[in-house]
1. Ranked highest first by the average count of other Cβ atoms within 10 Å around their residues, in what order do A:238-246, A:35-43 fall?
2. Calculate how many DSSP beta bridges within the protein assembly as shown are antiparallel, expressed in % of all such bridges and rounded to the nearest 5.
3. Please list, ordered by chain and number, the residues whose modelled amide H lies under 5 Å from the amide H of residue A:253; skip anything fewer than 5 residues away on the same chain.
4. Could you state, as a whole-number percent, how many of the C-alpha pairs of region B:12-443 are farther apart than 40 Å?
5. Beyond a 25 Å Cα-Cα separation, which of these cross-linked pairs lie in this structure: B:24/B:386; B:73/B:308; B:165/B:248; B:7/B:299; B:24/B:308; A:118/A:317?
6. Given Cβ point charges of +1 (Lys, Arg) and -1 (Asp, Glu) and nothing else, what value in debye, to the nearest 20, does the dipole of region B:12-443 about its Cα centre take?
7. Using Cα pairs closer than 8 Å and at least 6 residues apart in sequence, work out the relative contact order for region A:283-399, in percent.
8. Can you list residues whose amide H is under 5 Å from residue A:84's amide H, if they're 5+ apart or on another chain and H is modeled 1.01 Å from N?
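No lab work stands behind these numbers, since they all come straight from the coordinates. Keep in mind the model is a prediction, meaning the values are calculated, not measured. Cβ placement follows ideal geometry from the backbone for every residue including glycine, while neighbour counts extend to all protein chains displayed.
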Amino acid sequence: MALAKRTTDPALAALELPQGGAWASEARQAARARLAEMGLPGRRDEYWRYTDPTTLISTDPTPAKVGEADDIFAGTNALRLVFVDGVFDADASDGLDESGVEILQLADVTAKDIHWVKEFYGVLEAAGQVPVARPLAALNTATATQGAVIRATGKVSRPVHLIYLRRDETAEAVMHHVVRIEPGADLTLLESGAGAARLSTVMEVDVAEGAAFHHVRLQGRDHERRAATHCFARVAADARFKSFTLTLNGAMTRNETVLTLKGDGGVAHVAGAVVGDGDDFHQDDTVFVTHDAVGCESRQVFKKVLRNGATGVFQGKILVKPGAQKTDGYQISQSLLLDDDSRFLAKPELEIYADDVACSHGSTSGAIDDTALFYLRSRGVPERTATMLLTLAFLAESLAEIDDPALAEELRDRLEGWLARHH
Amino acid sequence: MADIEVKDGVDDETVAAVARLSGKYKYGWNTEIETEFAPLGVNPDIVRLISAKNEEPEWMTEWRLSAFARWEKMTEPTWAMVDYPQIDFQSIYYYARPKSMLVKPKSLDDVDPKLLATYKRLGIPLKEQAILAGVEMPEEERRVAVDAVFDSVSVGTTFREELKKAGVIFCSISEAIREYPELVRKYLGSVVPATDNFYATLNSAVFSDGSFVYVPPGVRCPMELSTYFRINAENTGQFERTLIIADKGSYVSYLEGCTAPKRDTAQLHAAVVEIILEEDAEVKYSTVQNWYPGDEEGKGGIYNFVTKRADCRGDRSKVSWTQVETGSAITWKYPSCILRGDDTQGEFYSIAIANNMQQADTGTKMVHLGKRTKSRIVSKGISAGKAQNTYRGLVSMHPKAKDSRNYTQCDSLLIGDKCGAHTVPYIEVRNNSSRVEHEATTSKVDDDQLFYCRSRGMDEEEAVALVVNGFCREVLQELPMEFAMEAQQLVAISLEGSVG
């Protein structure tokens, strides 16, 4: 259900836009018009019933102490792009010359009057506003001045790593990335770091025919930060899109993923593992997968471990358009509640207009299985360790969505360490 | 469904059964009878008029008027996945009564023969005798007490005296308001408040009749109770209200059926059903909803906007909703369970079939408030033609509902490539000792059962069909025998090849 159409909001319509070249000004104005039409999100909006957007839309971000930076990908050989409080830091970053990939700064690109990125910037976001409005993404498109523009033209030998560092307790970061994977090309993109007291990111990803895009993201342990992230992806024929996010803390995280399978035989997987601790932890995964071609496969795999009053939200949808026959859609959302105060709120939806499809979804919630715990205890495993092992086992299905075995192993170790410290 | 192509894997028998069930509407004829209408539209005067026709006490009139005042400030809900033209609430008759009912008949013998003939033709003879041909059961158990509602009034209620001997009160709600005001006043609106939602509030203002049941403590109702709703008059809305009170340790099984003539214009039916269960009480509520679904182009049909809710107030009480939804142009219906007492149980078994241009948005709410409460949801949605069928449900585990359990399964079957099947479950878990499971897939057919069938020489497909069919029958078995005729046809439905 779409957000109710509101009358144009005059304050939003008058929103001041950054200076830029011809194409960027046009794109920003269009985004501002979309935003004014939609209005900002509120609790009465269907897809905000479980997450209060107040702290994401307040004029100034709530100050947040700078937490521990946790660079989980430190051991990975990657091309590093560093943003500090949402601003690109060239000195801290690697040189951007890399074979098979063109990397530009959004600030440079938007200054030009003509640029190829025009075909993507705000375009995938605008397409993703129907049928569910995502006003925070439009706001991002209208106001972002920072971000990376990445075009992969071949198999890129090492991952590109976007690192979001924090210094200021009150900084707000608005970053907008555009990623284009040319036909047959292959890119792995890593993201890590808290980014700012309040972070807004939009990533538009266009995966062309036969291309592959892998995305692994860590939303680290910075406890007080808030974030609203959006990923809009278009997947062409025989292309692959895979995204995995590990969320370890944060006062507020809203991750929206909007995927459209546009060409026959495309594959799109979105996965997430969440470990939330404390009643000031709120994490929300909102996923919308549209099958608009024949013989595509989609997976949504989300696992949340919650304790000490933490809240986990999952809103996932598979939409199979008329004619999208031979669709294989799967969605699973599960929570493990380690104590009695935590909450799991889920809305796993299917909307199907084609008959020759296999779509299924499942959702469960509950405590650690007593029988399994007893079994491990009876084999001499201490309760702490047993709980940790069962928790890791619970998260395993989502971690399996990471293609790179070394990365998966690294993340698993980190998780184990985190769980050991927190039990 | 001639122009619709059906994919491989969908059982022919299923396609035929769905066509049979919703293809030809058997109850589309109308009864030529002189009818008295209230003036067109709705306003406080109409509310007062309905109240006066039912000779209601002042408090009831006031209750209605305050509901009406509230309704005027409300807007129609738009969140359901149904699409229909704006309803003009002022172009509907809110009260229609056969002229022969002007003087309330003293007994069934005095009822207008035309009305009796109508029910006879519908297969519901208003005689105190065995009902429904084709049901083989011992004489003693075949009896069903019927309250027959025709447009806005109750025509008669059978077996009243015998039920009275057991202490069971079964009568029309209009009579109950006059004769048992203290019971009605205590319970009416206590489960579905007059302010609940747009249609329930409208119903609270203008409901004209319906059924009332009270089963006293420790009494097992000696026979099944049922209400049969018939809309006959054109351009008329039916707003009935059912109130069932199951006192401590009592049991009652209640059946509901409904039909309407074929008309070119859509008609509104907005009902409210409230069930109150005290300690250890058990209520089984079964519906075969067969309102006129409209024609193949979607012309006419009933808009069925219904609020049904059971409140398990007493510990260890149990309520079970079973519904077979085959009719109505639009269905908007969510029979719900408030599991307030400890160890209470709620069940919802549903088969919803939408064909041609029908649109169904139906499901349930299981609100777990008490400790060790259990709920089970089994929903089968079948879409054919150009129909849209949505399961919408809520399972909510409150912090205090420790050690509770929910199991939900909803499967959808699409017959043809022009229809839609949708699932919109809301799952809210606020404690960790409760387990909630939602699954929607037929691939999870029990492996052991499959293995057993395979080891007896069946091929995979046959084995799956058998197991899934068996599962569907399990749902159908929840229906009382009185619905056996409809159920027999439904048994042919296989959910093989379904998605969920």
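1. Packing proxy ranking, top to bottom: A:238-246, A:35-43.
2. On the way: 31 of 280 bridges.
DSSP beta bridges in the protein assembly as shown are roughly 10 percent antiparallel.
3. Answer set, sorted by chain and number: A:227, A:282, A:283, A:284.
4. Values: 11695 of 93096 pairs.
Counting every Cα pair in region B:12-443, those more than 40 Å apart make up 13 percent.
5. The pairs that break the limit, which is 25 Å between Cα atoms, are B:7/B:299; B:24/B:308; A:118/A:317.
6. Working: 53 positive and 58 negative charges, 143 e Å.
Charge dipole, region B:12-443, about its Cα centre: 680 debye, nearest 20.
7. The normalised contact order for region A:283-399 reaches 26 percent.
8. For residue A:84, the qualifying residues are A:89, A:165.
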